[in-house]
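Here is the structure we will look at, set down as structure tokens.
The values are calculated or read from the model by the stated rules, or taken from the named source; none is laboratory data. Owing to the predicted nature of the structure, the values given are computational and were not obtained by experimental measurement. With ideal geometry, Cβ positions are generated from the backbone for all residues, glycine too; neighbour counts draw on all protein chains shown. Accessible surface areas use protein heavy atoms only, side chains included; no ligands, DNA or RNA. Shrake-Rupley method; radii C 1.70, N 1.55, O 1.52, S 1.80 Å.
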Amino acid sequence: MPSTRPAVIRAADAARYLATDQFVWFDEAPDVPVEELIGAVPPEHRWAVDVGDGPEGMYAGIYGVRPMELGLPGSRLAPVAGLTWVGVHPDHRRRGLLTALLRHHLEQAHREGLALSALHASEPAIYPRFGYGLAALELQVDLGRGTSFTAPGLEERVSGTATTTVTGSDPGVASRARALDLRLAAQSPGIIVGSEEFYTRAVSDRPHELRDKEQIRLIFAVRAGEDVGCASFRRTPKWDNGRPGGTVTVGYLGGDPAARLALLRRLVDLDLTSTITLSRVSPDDPLFAWVGGPRGAADVRTYDSTYVRLVDLASAWAARGYDSDCDIVVDVADRHAPWNAGRWQLLASGGEGTAERTDAEPDLSLDVNVLGAGYLGRSIAPLLRAGIVTEHRGGALGSLAEAMRTELAPEPSTGF
């Protein structure tokens, strides 16, 4: 029987594409050129559903892809399809458009030879149904001005680290930030690196985004002439009964431990402020050891960060490294990428992984989103107790989880 799935086409009309996104997300429509707003999504990676009774001036549904690189366990980098701008017009919900868009994305990524897709979920209940697993958590941490950090083993390196504040619009800042992320991602699973255009937009303020806000500023940490860390921030002034109570919102903080410590000490020492809010902090960030534990911070909140989807199971399994060995037969359910479904022998030995088809009896049965959840090194062992994974051989999930787990929790990624 012929498929009745809505057809997905390239979104050739940039204005309609933008109008759809702004309506779905009810964003303000600033008076700036269309391409200035959507240029970080390359034209060849803009997709849409166009139906006969579609909304005037809009598509019925859209999605976009940002070509990116993802830091993987084993000190590796791999290309990843950064899924973004996903939306269906309210008049066309419950018609299968989201399913059509996401299946098209997986098929297109597969045709392009990509093993992985990743996203940040606006509504986290949606994407596990399409094979995405929550691969990294992030914490939002509030610190008070003047917070003390204790790290005696790092003080010599901190003393050799200089910090310099620049604005996001300064020449070369985006290139410096991207080059630093590339170096960090090669050693830190979970960091996602976009194009230079992506970084240019991330560190630049458009007039409509300022609205009495301070422009984005960055502090670079430099050691022996090389960038080893960076923090981006924006301050908001506030006065309480004549006393300064401004806030510092830190959008990004990255670098080696000594660089992070030097940057934090700068951030908590800015004049006329009282609260420093850090986003995208890993659960294993050394920050908590430096302040004497979670209660050394004013407040800590937990959020979901990066979701990972195995587009091609065999290629994805082989792309990352492994600290422990395993030999597990897994029966994988994958209704949206059926080329992944079925039984696989997942091997890890000597740091390398291979995945091959097999007819052997399975040790485990699981949805492909479980492999995505553990792909960056976060433990999937608790999923057995949660009833998400079915174990046919005792200890099988523990062996798989141990092979996939990394020494430290994966880093949260910058939103895209």
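For the range 372-388, the condition holds for no residue, the condition being that it is open to solvent by 70 Å² or more (accessible area, probe 1.4 Å) and at positive phi. For the range 101-120, the candidate set comprises residues that are in contact with a strand residue (DSSP E or B) (Cβ under 6 Å, 6 or more places away or on another chain) and farther than 15 Å from ARG66 by Cα; within that set, the residue that is surrounded by the most Cβ atoms within 10 Å (Cβ to Cβ) is LEU101.
In this structure, is THR200 open to solvent by 40 Å² or more (accessible area, probe 1.4 Å) and more than 24 Å from the chain's Cα centre (by Cα)? No, not satisfied.
The residues of the range 35-55 that are open to solvent by 50 Å² or more (accessible area, probe 1.4 Å) and outside any loop (DSSP other than H, G, I, E, B), listed by number, are GLU35, GLU36, PRO43, GLU44. Of the residues contained in the range 395-412, none is found to be free of Cβ contacts under 8 Å to residues at least 40 places away in the same chain, open to solvent by 50 Å² or more (accessible area, probe 1.4 Å), farther than 20 Å from ARG335 by Cα and not aromatic (Phe, Trp, Tyr).
The one condition from (1) part of a loop (DSSP other than H, G, I, E, B); (2) surrounded by fewer than 19 Cβ atoms within 10 Å (Cβ to Cβ); (3) of a type outside the set (Gly, Ala, Ser); (4) modelled with pLDDT of 95 or more that PHE149 does not meet is (2). Residues in the range 163-177 that are small (Gly, Ala, Ser) and surrounded by 13 or more Cβ atoms within 10 Å (Cβ to Cβ): GLY168, SER169, ALA174, ALA177.
For the range 230-338, the strands (runs of 3 or more DSSP E) that sit wholly inside it and include 2 or more residues that are within 30 Å of LEU114 (Cα to Cα), among the acidic types (Asp, Glu) and at pLDDT 95 or above are 326-333. For ARG301, the conditions (1) touching a residue at least 40 places away in the same chain (Cβ under 8 Å); (2) open to solvent by less than 10 Å² (accessible area, probe 1.4 Å) all hold with the exception of (2). For the condition in a strand (DSSP E or B) and open to solvent by less than 50 Å² (accessible area, probe 1.4 Å), LEU180 does not qualify. Taking first residues from the range 314-331 that are touching a residue at least 24 places away in the same chain (Cβ under 8 Å) and under 13 Å from LEU371 (Cβ atoms) and partners that are open to solvent by 30 Å² or more (accessible area, probe 1.4 Å) and part of a helix (DSSP H, G or I), the Cβ contacts under 7 Å between residues at least 6 apart in sequence or on separate chains come to CYS326/SER399; ILE328/SER399. When the residues of the range 1-33 are filtered to those that are among the hydrophobic types (A, V, I, L, M, F, W, C), open to solvent by less than 80 Å² (accessible area, probe 1.4 Å) and farther than 16 Å from GLN108 by Cβ, the one that is modelled with the lowest pLDDT is ALA29. The numbered conditions (1) buried (at least 21 other Cβ atoms within 10 Å of the Cβ); (2) under 25 Å from the mean Cα position of the chain (by Cα); (3) among the small types (Gly, Ala, Ser) are all true for GLY351 except (1).
Within the range 394-412, the residues that satisfy the criterion of being part of a loop (DSSP other than H, G, I, E, B) and out of contact with any helix residue (DSSP H, G or I) (no Cβ under 9 Å at 6 or more places or on another chain) are GLY394, GLY395, THR406, GLU407, LEU408, ALA409, PRO410, PRO412.
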